[in-house]
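Beneath this line is the structure, given in structure tokens, with notes to follow.
The values are calculated or read from the model by the stated rules, or taken from the named source; none is laboratory data. Note that the structure is a prediction, hence the values are computed from the model and not measured. For neighbour counting, all protein chains shown are included, and Cβ atoms are generated from backbone atoms with ideal geometry for every residue, glycine included.
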């Protein structure tokens, strides 16, 4: 009996360092938010020294490989809007924000970070300045409160369901079938800081109705889901929409809606970073950041496998 107790004690002693190491290298929600805060502060200080980067980190800005500390890291001076969301299960961090640059002008920024062993291994930046996309509003101050609200257990979706809902939204756009998307009656969408639904006098359509305005968005690709939060009903999806030349007319609410190269600035590809709030399996709120690129441009990252 004593021998068996001794063996058990020895086994536990040998296991303790590995358990402690595992605990030290894990990164929960608080840990990820802390890393995000450090990163965001370092970015506007233009100083990489305090950022917890892995020995090997992959870094892109607007789909192009670049070196750490280049691009927006050299020009950002202050944040005027920051919205951070994280996924401890995937080690994912997402940020939608607005920075003031050294020239006094503002830029809309989306940031994706991958964290392994409390170190950033992947850094993906989208930087959209005035003129990079038709919609551009940098007056947002605080994220909508609904994004931080916990969804009641009975109204939550699984990780797989949240991904399917986001993918279904993109498919509904490319197939011109808004009926295939499940929208909450109170759904609204904000794109590059502009509310594009239920916003008179120009943007009065609902989330569902407005999808018919996107008939020129024929194909999406490279879709990824770096942040999924079942507790809050959040799924962050990144994709590229290809938009070739097209000329046609749609009818929305009984009125003709024209699609042409001149009106929709075709051809082009749209880099899209879109955060969905889902309640009871229905999309309640959407926050999207985006910029245009030449038709067929790569975002620089593979689709989720």
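Residues are listed down the side, and each one gets a yes or a no for (1) part of a strand (DSSP E or B); (2) without any contact (Cβ under 8 Å) to a residue 24 or more places away in the chain; (3) crowded, with 19+ Cβ neighbours inside 10 Å; (4) over 18 Å from the mean Cα position of the chain (by Cα):
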{"position": "162", "(1), (2), (3), (4)": "no, no, yes, no"}
{"position": "172", "(1), (2), (3), (4)": "no, no, yes, yes"}
{"position": "184", "(1), (2), (3), (4)": "yes, no, no, yes"}
{"position": "213", "(1), (2), (3), (4)": "no, no, no, yes"}
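Scan (1) surrounded by fewer than 16 Cβ atoms within 10 Å (Cβ to Cβ); (2) closer than 21 Å to residue 302 by Cα for the single condition residue 62 breaks and write down its number.
Only one criterion is unmet by residue 62, namely (1).
Which of the following residues is in a loop (DSSP other than H, G, I, E, B), under 30 Å from residue 41 (Cβ atoms) and either under 17 Å from the mean Cα position of the chain (by Cα) or touching a residue at least 12 places away in the same chain (Cβ under 8 Å) (or both): 125, 140?
On the way: 125 fails: in a loop (DSSP other than H, G, I, E, B).
The conditions single out 140.
Failed condition for residue 226, given (1) assigned to a loop (DSSP other than H, G, I, E, B); (2) buried (at least 17 other Cβ atoms within 10 Å of the Cβ); (3) modelled with pLDDT of 95 or more, with all others met?
(1) is the only condition that residue 226 fails.
Quick one: in region 90-122, which of the residues that are more than 17 Å from the chain's Cα centre (by Cα) and surrounded by fewer than 17 Cβ atoms within 10 Å (Cβ to Cβ) is nearest to residue 263 (Cα to Cα)?
Among those residues, the one meeting the criterion is 105.
Only one residue in 269, 239 is within 19 Å of residue 174 (Cβ to Cβ), buried (at least 17 other Cβ atoms within 10 Å of the Cβ) and without any contact (Cβ under 8 Å) to a residue 40 or more places away in the chain, so which one is that?
Working: 239 fails: without any contact (Cβ under 8 Å) to a residue 40 or more places away in the chain.
The match here is 269.
For residue 41, indicate whether it is over 20 Å from residue 28 (Cβ atoms), surrounded by fewer than 19 Cβ atoms within 10 Å (Cβ to Cβ), at pLDDT below 95 and not assigned by TED's automatic domain parsing to the domain that holds residue 240.
Details: over 20 Å from residue 28 (Cβ atoms): yes; surrounded by fewer than 19 Cβ atoms within 10 Å (Cβ to Cβ): yes; at pLDDT below 95: no; not assigned by TED's automatic domain parsing to the domain that holds residue 240: yes.
It is false that residue 41 is over 20 Å from residue 28 (Cβ atoms), surrounded by fewer than 19 Cβ atoms within 10 Å (Cβ to Cβ), at pLDDT below 95 and not assigned by TED's automatic domain parsing to the domain that holds residue 240.
Kindly establish whether residue 87 is under 28 Å from residue 230 (Cβ atoms) and either modelled with pLDDT of 95 or more or surrounded by 13 or more Cβ atoms within 10 Å (Cβ to Cβ) (or both).
On the way: under 28 Å from residue 230 (Cβ atoms): yes; either modelled with pLDDT of 95 or more or surrounded by 13 or more Cβ atoms within 10 Å (Cβ to Cβ) (or both): yes.
Judged against the criteria, residue 87 is a match.
Among all residue pairs at least 6 apart or on different chains, which show Cβ distances below 7 Å where the first residue, located in region 93-115, is outside the structural domain of residue 46 (by TED's automatic domain parsing) and the second is surrounded by fewer than 21 Cβ atoms within 10 Å (Cβ to Cβ)?
none
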